[in-house]
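Trainee: Got a structure here, written out as structure tokens. Questions coming.
The values are calculated or read from the model by the stated rules, or taken from the named source; none is laboratory data. Note that the structure is predicted; figures quoted are calculated from it, not measured. Note that we place each Cβ from the backbone using ideal geometry, even for glycine, and neighbour counts take in every protein chain shown. Remember, those area values only see protein heavy atoms, side chains included, never the ligands or the DNA or RNA. Shrake-Rupley method; radii C 1.70, N 1.55, O 1.52, S 1.80 Å.
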Amino acid sequence: MLSSLAHTGSESYEMRLSILCGIVGAAVCLFVIESASFLLDFPFSAAFAEVCASWDVYASTHPMLTTVLGERVRIQWLYPWYRALLAFLGGLIASLLFFPAFRQARCHHLLQSDSSNIKANTFFTNLLSSLNFLFPLVLAILWIKPLSRDLYTIDASSSLSLKEGQFSALRLWLVVGMCLLRLKLIFPYVQVFVLQSVQYAEMIMDSNKRDVLPKIQRKVMGLYAYICVVTVQLLAPTLLLSTFALLGLSQPGSSLRVCEWVRGRVLGDATEIPDAVSQALLSPLFVRTTCSFLLWWSLICWVVVSLVALVYERALAPSRAAA
């Protein structure tokens, strides 16, 4: 009851702010998709063309199933809807990642500050937290031209040059490594979040106002009631990024062939969809391009919100606390 009273006033505000971030994120994501051909390393046209080619092969061998009113069904007209769906998913991701990214940036700031007197606050933990904060920015740059594949494969005769598939897999494996790093830092972040109660108690006692103990009790109980929410906010984006990365690694010749497993176990056995249709729906290039873009967009949203949150914590929050 006490925790519900403490957070009821901010729930509507958080919902409105998340919806606003989702709308802005969808608009920006649609603009990015339109300009992705010369700015980003995402072959949307080639991926969807592979889906259309597989569908045409299936339509030529099954004319009775792919003909409506005497006309062969073509799926080329679905390409604008595919981009609109990506924009909608981009807005949804921006809405869902706003508060988790803000929360992790705040925990990073508190962990780096001198007032975080916790046992986990060591030099190694601070170094890992700084790497975790910079990792999304570095990984997002690897998908931007010409800093993507063209820069690292310019000399094919060199022993250090990477092939196209190797560099694509390297970026995704780096994301998996970042997710493992985030799992390592969940405990220090939750710990520094809980220990904010000490700072809040000291601020309330220094204010010399009446009813100090009830105010401290409400603040401490509110923080402890929010531990599960903070844990989910730190863990859910990590699972989302790792899912996109593992799905992007599902390509022919790789050790993680998720597309083939889903096509054989789920689509092929459960719904008995013909193999040509399942190959078109789960084309490795199509799945890899879609998951890689959603992964990159998640990293971009995380970087932007984290930088804004860090500026807020270092510049605006101290002045507001002093007031």
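Trainee: Would you mind calculating the gained length between Ile227 and Lys184 on full extension (0.36 nm times residue separation, minus the Cα-Cα distance), in nm to one decimal?
Mentor: Numbers: separation 43, 0.36 × 43 = 15.48 nm, distance 1.72 nm.
Residue separation times 0.36 nm, minus the Cα-Cα distance, leaves 13.8 nm.
Trainee: Let me ask something else about it. Kindly state, to the nearest 0.05, the FRET efficiency for Leu78 paired with Leu170, given R0 = 41 Å and r defined as their beta-carbon distance.
Mentor: Plugging the Cβ-Cβ distance into 1/(1 + (r/R0)^6) gives 0.85.
Trainee: Let me ask another. Counting only protein chains, not ligands or nucleic acids, how are Trp77, Trp173, Trp143 ordered by accessible area (probe 1.4 Å), most first?
Mentor: Ranking Trp77, Trp173, Trp143 by accessible area, largest first, yields Trp77, Trp173, Trp143.
Trainee: Taking the highest mean first, how do the peptides 129-140, 217-228 order by number of other beta carbon atoms within 10 angstrom per residue?
Mentor: 129-140, 217-228
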